[in-house]
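Report on the structure given below.
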Amino acid sequence: MEWQSLPVPLSQLRLALVLPSGQSFRWRAAGNQFSFCLHDRVVVVRQDAEKLYYRTILPDPQPSPLELPLRTAETTLWINDYFHLGVDLAALYTEWQKRDQFFASISTRFSGIRILRQDPFENLISFICSSNNNITRITKMVNALCTNFAPRLLSEDGVDYHPFPTPQALASPSVEKTLRDLGFGYRAKFIQKTAQMLVETHGDDAQKFLAGLRTTPTDVAREELLKFMGVGRKVADCVLLMSLDKNEVVPVDTHVYQVAVKHYGLKGSSSKPNMTPKLYADINTRLASIWGEWAGWAQSVLFASDLKAFSSYDASANAAETLPTPPPTPALKRKNDSDEVESTPSRRRKRT
DNA sequence: CAACGACCTGATAA
DNA sequence: ATTATCAGGTCGT
């Protein structure tokens, strides 16, 4: 299917910083493109300085020429919704820069970072995986969920695409052991229990229930999320911000904690995080008052700036191949570092 | 109610 | 080489 496009400058959205930075763990990077599997289609995106390009891949049988415009229109709607394209990010940056000197000091290097509007169930399960964990392993776990608990939708360029599993698919008691065997550790039980609870209390309307929290007051929605196994304050806040439209919520993770003590004079009572509910609330309300109504969005900029993976990121390099910086930290170990040729040979070159 | 240790795993640092 | 620490925390006591 043909490429479509929307006029979106890099100041409004920078895919290279938003998609791999730990909001969604399911975007597949290949060169300068990213692909993502929805329940009924795969969406591929890329961008240049002025435009966001996107393409739809549908499973067989392909739709008739008459149906095609409808399908592409659906993708356009999804793109606008998922990327919150109605939100003027550049205006928000200007506001945060006025309010906050430290934000201003990093915002040039890290422009175009915005909050995605994710599917609530995927968001919830993904962030249950995130506890006391790192982005590389979370990504592997989320992919394992898809390949093991959702049927393959289609294959493209030798890659199998699976959507995110349904709550029903993860609710069976047998799921826990399967997840343990897949290396999920203690999170195996949390995931199965959360899915089971969702299905038991809401049946086929489980997804609708979660989506309904979008129009529920923040505090009430948070209480609902905290009922799930493996969901504490931090994960609940991530879901509130990233899929339930609570733009003011500031999740306080280890990164934000570090930044808060270093640049905002929050007291780190000891050398170890020692994150008490009180300290969490202090940091949360403090940052919210500094940044304002869209504080959660500002948080995502700080978070990305503190990621080691982006420590050598150069915002002025629009075309990735013009980046002169030689092989930087070995800590950054991308799956696909081949920026041009993607001939899909046998991957897994982990030879020692 | 606050504090504290246990918890799966895999990748770096020490 | 072996051990300690860290990674977008939460749970049970």
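The values are calculated or read from the model by the stated rules, or taken from the named source; none is laboratory data. From a predicted model like this one, the values you see are computed outputs, not experimental measurements. Positions of Cβ are backbone-derived with ideal geometry, glycine not excepted, and every protein chain shown enters the neighbour counts. Protein only, heavy atoms only, side chains kept; ligands, DNA and RNA dropped before computing areas. Shrake-Rupley method; radii C 1.70, N 1.55, O 1.52, S 1.80 Å.
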TODO: Just grab the label-to-label distance for A:Leu66 and A:Gln97, each label 7 Å out from Cα along the Cβ direction, in nm (one decimal).
DONE: 5.3 nm
Open item on the list: Quick check: Cα centre of the stretch A:95-124 to Cα centre of the stretch A:1-56, how many Å?
Closed with: 17 Å
Open item on the list: Taking 0.36 nm per residue of sequence separation and subtracting the Cα-Cα distance, how much length would be gained by fully extending the chain between A:Ala90 and A:Gln207, in nm to one decimal?
Closed with: 38.9 nm
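Over chain A, with every protein chain in place, what whole percent of the accessible area is carbon and sulfur at 1.4 Å, could you tell me? If you can, show how the numbers build up before the last one.
Working: 9470 of 17580 Å².
Answer for chain A is 54 percent, counting heavy atoms of protein chains only.
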- [ ] Let me know the volume per residue of the alpha-carbon convex hull for the stretch A:37-87, in Å³.
- [x] 87 Å³
TODO: Grab every C-alpha pair in chain A, bin the distances at 10 angstrom width from 0 up to the longest one, and report whole percents.
DONE: 5, 23, 34, 27, 10, 1, 0
Open item on the list: Using each residue's phi in the stretch A:236-248, evaluate 6.51 cos²θ - 1.76 cosθ + 1.60 at θ = phi - 60° and report the 3J(HN,Hα) Karplus result to the nearest Hz, with x for Gly and Pro.
Closed with: 4, 5, 4, 5, 4, 6, 8, 9, 10, 6, 8, 5, 8
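Given 0.36 nm per residue, what is the gain on full extension from A:Asp160 to A:Met197 after removing their alpha carbon distance, in nm?
Contour length minus Cα-Cα distance gives 10.3 nm.
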Open item on the list: Could you check the spin-label model distance between A:Asn80 and A:Ala144? Points 7 Å from the Cα along Cα→Cβ, value in nm.
Closed with: 4.0 nm
- [ ] May I ask you to evaluate 6.51 cos²θ - 1.76 cosθ + 1.60, the Karplus curve with θ = phi - 60°, for each residue of the stretch A:301-306 and list the ³J(HN,Hα) values in order in whole Hz, giving x for glycine and proline?
- [x] 5, 4, 4, 4, 5, 8
- [ ] Could you tell me the largest-minus-smallest coordinate of the C-alpha atoms of the stretch A:89-138 on each of the three principal axes, in descending order and whole angstroms?
- [x] 36, 21, 16
Task: Whole-Hz couplings from phi, Karplus 6.51/-1.76/1.60, listed for the stretch A:199-214; x for Gly and Pro - done: 6, 5, 8, 10, x, 6, 9, 4, 5, 5, 4, 4, 4, x, 5, 5
Task: Cα extents of the stretch A:1-151 along the three principal axes, largest first (Å) - done: 55, 38, 27
TODO: List the relative contact order of chain A as a percent without decimals, with contacts defined as Cα pairs under 8 Å and 6+ residues apart.
DONE: 19 percent
- [ ] Mind checking the per residue accessible area of the stretch A:1-155 for me, 1.4 Å probe, whole number of Å²?
- [x] 43 Å²
Task: Over the stretch A:1-81: Kirkwood hydrodynamic radius from C-alpha pairwise inverse distances, Å - done: 13.4 Å
Open item on the list: Can you compute the FRET efficiency between A:Ile135 and A:Tyr186 using 1/(1 + (r/R0)^6), with r the Cβ-Cβ distance and R0 = 25 Å? Round to the nearest 0.05.
Closed with: 0.85
TODO: Search the structure for amide H atoms under 5 Å from the amide H of A:Gln47, placed 1.01 Å from N in the peptide plane, and list their residues when 5 or more places away or on another chain.
DONE: A:Tyr53
Task: Net charge contributed by nearby residues that have their C-beta within less than 13 Å of A:Ser155 (K/R +1, D/E -1) - done: -2
Task: At R0 = 41 Å, FRET efficiency that the Cβ-Cβ distance of A:Glu223 and A:Glu2 yields, to 0.05 - done: 0.35
- [ ] Compute the longest continuous run of chain A that contains no exposed GluC sites (Glu not before Pro); treat a site as exposed when its DSSP state is not H, G, I, E or B and it has at most 13 other Cβ atoms within 10 Å.
- [x] A:68-292
- [ ] For the stretch A:133-172 and the stretch A:212-291, compute the distance between their C-alpha centroids and round to whole Å.
- [x] 27 Å
Open item on the list: Just to be sure I understand the curve: with the Debye formula and one point per C-alpha of the stretch A:122-244, what is log10 I(q)/I(0) at q = 0.16, 0.18, 0.22, 0.23 Å⁻¹?
Closed with: -0.77, -0.96, -1.36, -1.44
